[in-house]
């Protein structure tokens, strides 16, 4: 029982202790629509919207992208 508890704690802290990579999540929202003639950009009216999540792992020391994935969000 004690060995299982120590093992669980070690596994939980293993991910926290990784300092060589940055893991970044980007929430990307793209909209299309129109601005009425003679209006300012603040009057933009969106007619459709698409949303994606982009996950990127970057090596802190070299700047190399280690992994990336793109996931479309459907609500």
Rough spin-label spacing in nm, given labels placed 7 Å along Cα→Cβ, for residue 23 and residue 4: 2.6
Looking only at Cα atoms, what is the convex hull volume of the range 20-72 per residue, in Å³? 94
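Multiply the residue gap between residue 67 and residue 32 by 0.36 nm, knock off their C-alpha separation, and tell me the result in nm, one decimal place. Write out the running numbers ahead of the final one.
On the way: separation 35, 0.36 × 35 = 12.60 nm, distance 2.97 nm.
So the chain would gain 9.6 nm between residue 67 and residue 32.
Bear in mind that the values in this text are calculations on the coordinates, not laboratory data. As the structure is a computational prediction, the values presented were derived from the model and not from experiment. FYI the Cβ positions are ideal-geometry reconstructions off the backbone, even for glycines, and counts take in every protein chain you see.
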